[in-house]
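First the structure, in the form of structure tokens, and then the observations on it.
Nothing in this text is a laboratory measurement; each read-out follows from the coordinates by a stated rule. On a predicted model such as this, the values are computed, not experimentally measured, just so you know. FYI the Cβ positions are ideal-geometry reconstructions off the backbone, even for glycines, and counts take in every protein chain you see.
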Amino acid sequence: MDSIDRKILQALQEDASGSISDIADRAGVSQTPCWRRIKKLEDAGFIDKRVALLNQKALNLKMTAFVMIKTSQHDEAWLKQFSDGVRQIPEIVEIHRMAGDVDYLLKLVAGDVSEYDDIYKRLIKVAEFADVSAGFSMECIKSSTQLPLDRL
């Protein structure tokens with residue numbers, strides 16, 4: 001990993017739809033070496049995938065909720081049932097296993113409170129929970145998909 005690779009990764013994080021020519025210009029290399037480096041970065045696992053980031057509000061998903069789950073079960077069977085179940089709910093966009101008072105933190109998107117209630121009803125059928133609570137985002141102050149590259 002050198003400074004050119006970091007420049008390529010930064011360019012892709014900012015706009016993966018740019019042409020190889022644009023990315024090469026930003027990294028200070030010609031197109032063919034740039035393309036080869038991108039392939040190497042993909043093969044090495046630095047690039048998972050290239051996607052389009054959609055506008056949540058334009059898709060009428062005006063609500064973001066963070067659901068905190070506590071469970072009294074921590075065995076493999078429960079975890080598999082839970083994992084398989086929450087993966088089937090498309091409105092749940094992130095799932096984190098946590099350390100501390102909360103066992104799992106879910107980020108979900110919905111159009112409104114009524115839609116959230118429908119998602120909640122699907123969620124509680126997935127597995128047995130000790131407690132489920134939620135907090136609703138009033139305003140998103142920062143949201144980024146760009147990871148810091150200074151550790152490379």
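In percent, how large is the relative contact order of segment 63-136, given Cα pairs closer than 8 Å and 6 or more residues apart?
On the way: 109 pairs, mean separation 39.1, N = 74.
Rounded, it is 53 percent for segment 63-136.
At 10 °C and a viscosity of 1.306 mPa s, what translational diffusion coefficient does Stokes-Einstein give for segment 17-129, taking Rh as the Kirkwood radius over Cα pairs? Give it in µm²/s as a whole number.
Estimated via Stokes-Einstein, D reaches 92 µm²/s.
Determine the calculated [θ] at 222 nm for the chain from helices alone, applying -39500 (n - 2.57) to every DSSP H run no shorter than 4 residues and normalising by the residue count; nearest 500 deg cm²/dmol.
Numbers: 5 runs with 56 residues, N = 152.
About -11000 deg cm²/dmol.
Helix 3-14: angle to the longest alpha-carbon principal axis of the chain, degrees 0 to 90, nearest 10?
The answer is roughly 50 degrees.
What Kirkwood radius, in Å to one decimal, follows from the Cα pairs of segment 3-43?
Values: mean 1/r = 0.1037 Å⁻¹.
This gives a value of 9.6 Å.
Please arrange 147, 61 by how many other C-beta atoms lie within 10 Å of their C-beta, fewest to most. Intermediate results must be reported in sequence, preceding the final value.
On the way: 147 11, 61 18.
With the sparsest Cβ surroundings first, the list reads 147, 61.
Mean 1/r over all different Cα pairs, inverted: what Kirkwood radius does segment 63-149 give, in Å?
Working: mean 1/r = 0.0723 Å⁻¹.
The Cα-based Kirkwood calculation yields 13.8 Å.
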